[in-house]
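The values are calculated or read from the model by the stated rules, or taken from the named source; none is laboratory data. All figures in this text were calculated on a predicted structure; none of them were measured in a lab. Cβ: placed from backbone, ideal geometry, glycine included. Neighbour counts: every protein chain shown.
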Amino acid sequence: MARARLRELGYSVGYLPTGPLNAITDVPGVLVGQTTILADTPQIARTGVTLIMPQREIWRRHLFAGAYTLNGFGEMTGVHWIHESGLLASPIAITNTYSVGTVSDALFAHAHEHGYGEAAMPVVAETWDGWLNDIGAFHVRREHVEAALAAASAGPVAEGNVGGGTGMICHGFKGGIGTASRVVELGPQKRPATLGVLVQANYGARRDLRIDGVPVGMAISPEEVPLPWGPPPSSSSIIVIVATDAPLLPIQCRRLARRVSGGLGRVGGFGFNSSGDIFLAFSTATQIVANQSEPHQVAMLPTTQIDPLFTATVEATEEAVVNALCMAETLEGRDGHVAHALPLERLQEVMRR
């Protein structure tokens, strides 16, 4: 059957409503652009770049953000400045492990050439796609980053084998890019807020996969759907980006980033020793104008009202990972390696049981 998102299959996780697109772009102002690189010659390319523009003027109008690492065998550049200042001042790019430097250089060059100043600190994260992609060929170049910047839009987000997720593997099935959103009401005034999540899922063992509490990974054995490699490794990585229009300070954004761990645990990600599980959350509610000399006026959600956003983060993270699995297609890569897609008809059968 054709690839479909979890809700298109008749299932959902959690109880909160989604935004119109059930995507990170449901948060007003957030844009996503992706460049996918697929080639068989002269080397096998199964890679790309996924780029999140937190808002179009991010280079000049910064946002509050916070980051959290569940396990640190991975990279996300720029997080030291986020920890220090609480500010996100650049787009967020996700690619493969060997291309972090190239993508960071491309964003620095873009900022310099467009007059965005010399203080920009690009955020570039990675997961390893070397099982399917000839990662040592360094396929990602500046033009791919520029194409992702140019393609950034507020519409539906392509999922599965796209952008940085092109060569990724998740729970022994083909993985990649996934997204989801939630809408909540905050405080006694029931102020609406939207929260969206985007993941690059490249982690986990088959046996651990659960969807809405159902042990799908135990039901669909390696004898039924072969693993891409030998014994399932308890490693690899996931990058998770959380966006919201709720008025949060940096420490509150970091609290949201930590709650990603709850959603990841629900789907079967535990942050193993050789895994890079790195999460970043930002709020679009307050814009900090670069180099402004006057004090900034900011808004802050009372801490007593933040629980719905915690729940939204957990639910949207779980669903984003499952959407990545549901939308990804079987892919053959280097040396004949194959990552098989999660079989959707079989998934429906397991969920019914």
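When residues in the range 82-118 are screened for being touching a Gly at 6+ places or on another chain (Cβ under 8 Å), under 20 Å from Leu198 (Cα atoms) and assigned to a helix (DSSP H, G or I), 2 of them pass. Checking Met121 against (1) of a type outside the set (D, E, K, R); (2) within 20 Å of Gly176 (Cβ to Cβ); (3) in contact with a Phe, Trp or Tyr (Cβ under 8 Å, 6 or more places away or on another chain); (4) in a loop (DSSP other than H, G, I, E, B): exactly one of these is not met. Which one? Here Met121 meets the rest and fails (2). If I filter the range 172-184 for residues that are closer than 19 Å to Val30 by Cβ and either free of Cβ contacts under 8 Å to residues at least 40 places away in the same chain or not in a strand (DSSP E or B) (or both), do I get at least one hit? The answer is no, given that none of the residues of the range 172-184 is closer than 19 Å to Val30 by Cβ and either free of Cβ contacts under 8 Å to residues at least 40 places away in the same chain or not in a strand (DSSP E or B) (or both).
Return a yes/no flag: does the range 230-241 have any residue that is touching a helix residue (DSSP H, G or I) at 6+ places or on another chain (Cβ under 7 Å), among the hydroxyl-bearing types (Ser, Thr, Tyr), in contact (Cβ under 8 Å) with a residue 40 or more places away in the chain and not in a helix (DSSP H, G or I). Looking for residues that are touching a helix residue (DSSP H, G or I) at 6+ places or on another chain (Cβ under 7 Å), among the hydroxyl-bearing types (Ser, Thr, Tyr), in contact (Cβ under 8 Å) with a residue 40 or more places away in the chain and not in a helix (DSSP H, G or I), one finds none in the range 230-241, hence no. Within the range 180-193, if we keep just the residues that are touching a Ser or Thr at 6+ places or on another chain (Cβ under 9 Å) and not polar (S, T, N, Q), the residue that is surrounded by the most Cβ atoms within 10 Å (Cβ to Cβ) turns out to be Ala180.
Residue-level analysis places Gly196 outside the set of residues that are crowded, with 24+ Cβ neighbours inside 10 Å and within 22 Å of Met351 (Cα to Cα).
Each row is one residue, and each column tells you yes or no for (1) among the hydroxyl-bearing types (Ser, Thr, Tyr); (2) without any contact (Cβ under 8 Å) to a residue 24 or more places away in the chain; (3) in contact with a Leu (Cβ under 9 Å, 6 or more places away or on another chain).
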{"position": "Thr303", "(1), (2), (3)": "yes, no, no"}
{"position": "Ile306", "(1), (2), (3)": "no, no, yes"}
{"position": "Glu319", "(1), (2), (3)": "no, no, yes"}
{"position": "Leu325", "(1), (2), (3)": "no, no, yes"}
{"position": "Gly333", "(1), (2), (3)": "no, no, yes"}
{"position": "Glu349", "(1), (2), (3)": "no, yes, no"}
{"position": "Arg352", "(1), (2), (3)": "no, yes, no"}
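Among the numbered conditions (1) surrounded by fewer than 24 Cβ atoms within 10 Å (Cβ to Cβ); (2) under 24 Å from Phe272 (Cβ atoms), the only one that Ala151 does not meet is (2).
Every residue, every condition in (1) within 16 Å of Gly269 (Cα to Cα); (2) at pLDDT 95 or above; (3) over 13 Å from the mean Cα position of the chain (by Cα); (4) surrounded by 24 or more Cβ atoms within 10 Å (Cβ to Cβ), yes or no:
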site: Lys174; (1), (2), (3), (4): yes, yes, yes, yes
site: Gly178; (1), (2), (3), (4): yes, yes, no, yes
site: Asn202; (1), (2), (3), (4): yes, yes, no, yes
site: Asp208; (1), (2), (3), (4): yes, yes, yes, no
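Which residues, counting only those in the range 130-169, are in contact with a helix residue (DSSP H, G or I) (Cβ under 7 Å, 6 or more places away or on another chain) and of a type in the set (Val, Ile, Thr)? Within the range 130-169, Ile135, Val140, Val145, Val157 qualify.
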